[in-house]
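To keep things clear, I will list the structure first and then write my remarks on it.
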Amino acid sequence: MSDIPAGWQPDPRGRHEYRYWDGTQWTDHVSNQGKVSSDPVADAAPAASDSEKSAIFKPDPTPTAGETEAAPAASASERSEVGSPTASEEPTSAREEQTVVSEPRPIFASERTDVTPTPTPASTAGASVPSSAPPAGTTTEPATAQTGAKAAAQDLMKSRSPELATILSAVVPGSGHFYTGTNKVPLAAGLLVATLAAVVISHISFLFFLIGFAIWAGAAAFALTDLRGGVRGIENTVLPKNVVGILLIGAGALLVLSLLLPYYRVSADAGPLGSVSESGSAFQFFSIIDIVLLVIGVVSIAAGAASLGLGPATDGELPPQLPLAVAIGGAIATALILFRMFVDPVPGLPSGFDADISIGRAFGIWLGLWSAMVLLLANLGLLRSLSNRGSSTTA
């Protein structure tokens, strides 16, 4: 299904006339006789047989002669449920059709490994509209890149993806629990409070920053253990392209924004001369690192927009090495920010000026670290997804 463009398609689960395909996966948006509603695609579904899986995308299935002869006759109770005539009045062909043609059980698109579904043309399926457009009379917007990105963002918030929860927990402990709708509200709130406390005390001095960093790292490890069985759960994170596109836009924008926020809080105590306290952004303290971080953030935004069809370049025009390049950029940004977190950018003091200087870490540097981590982890998840897809294609 990865080659099928975003648009309304016949519902593969058989419960509605149409379901919206965002170009990568099925969404919760469904349509019946032009009326749009929502039906979660992630609902549990019973297992389907191989014959049902192969028939789900084929209109008007016709039984073979062997199947018609071998099909058992319907019972009297089954005929009474559908308003069929009695056994003496019912033609043989009608009974055979009832026993052979059955409504397929709902299955997920990801479970269909035996066939490669294709959109059903209107001429063959008897549909009133082409498969690339919404059903006639629907009140939804046309299937454009903007509506596809909007639908992907809505699905991202509703899907309760454990992979996305893993990234959120590694970055801001407690946020992944709330995203998945956990019933451990006190635990999730405690993790968020610990993260906030770590950021606040980091303002005081470098020593308090070390304490805060240890609190944050411990909370992240505990959150990952509670959600995914440990920090190694990050290695199993696999994300689809549309989810990564949204994360790249958001994380890239936050990385650029963090450069404008205070990165450090500098306090100087000169004894009888008094004391002074000032905050400075990355642009004030850095000379090259801030430019590197700015470029990584802008490239990430552009890559995310292009992958969702929102940029001047289409997804097909993007180089296949782009996810790896953005992942490397996220790793570089993470390393640079961690370096500046643990190494004080002490400003030069005039000769003979004696002062006690304390440099704390402000919120901006934490936001930059979290944004860089999202860029790294999201693209690693996309690379694993592409690798798995390539392995399955080769097999």
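For Ile288 and Leu210, the FRET efficiency from 1/(1 + (r/R0)^6), where r spans their Cβ atoms and R0 equals 30 Å, is about 0.70.
Amide H contacts under 5 Å for Ser281: Tyr263, restricted to partners 5 or more places along the chain or on a different chain, H placed in the peptide plane at 1.01 Å from N.
Karplus-derived 3J(HN,Hα) values for segment 192-207, using 6.51 cos²θ - 1.76 cosθ + 1.60 with θ = phi - 60°, are 5, 5, 4, 5, 5, 5, 4, 5, 5, 6, 5, 5, 5, 6, 5, 4 Hz; glycine and proline are entered as x. Surface analysis of segment 193-277 yields an accessible area of 46 Å² per residue, using protein heavy atoms and a 1.4 Å probe. Note on Asp269 and Ile357: the model spin-label points, each 7 Å out from Cα along the C-beta direction, lie 1.7 nm apart.
Taking 0.36 nm per residue of separation and subtracting the current Cα-Cα distance, fully stretching the chain between Ile4 and Asn236 would add 80.9 nm. The label point for Val295 and the one for His16, both projected 7 Å from the Cα toward the Cβ, are 4.6 nm apart.
The apolar share of the surface of segment 193-283, taken as the fraction of accessible area on carbon and sulfur atoms (1.4 Å probe, ligands and nucleic acids excluded), comes to 72 percent. Counting 0.36 nm for each residue step from Gln33 to Asn183 and taking away their Cα separation leaves a gain of 50.2 nm. Amide H contacts of Ala6: Gly23, each under 5 Å away and 5 or more positions distant or on a separate chain (H built 1.01 Å from N in the peptide plane; Pro and chain starts excluded).
Packing, taken as the mean count of other beta carbons within 10 Å per residue, orders the peptides 217-228, 176-187 from highest to lowest as 217-228, 176-187.
The values are calculated or read from the model by the stated rules, or taken from the named source; none is laboratory data. What you see is a predicted model, and the numbers here were worked out from it, not measured in a lab. We place every Cβ from the backbone using ideal geometry, glycine too, and count neighbours over all the protein chains shown. Calculation scope for accessible area: heavy atoms of the full protein, side chains included, ligands and nucleic acids excluded. Shrake-Rupley method; radii C 1.70, N 1.55, O 1.52, S 1.80 Å.
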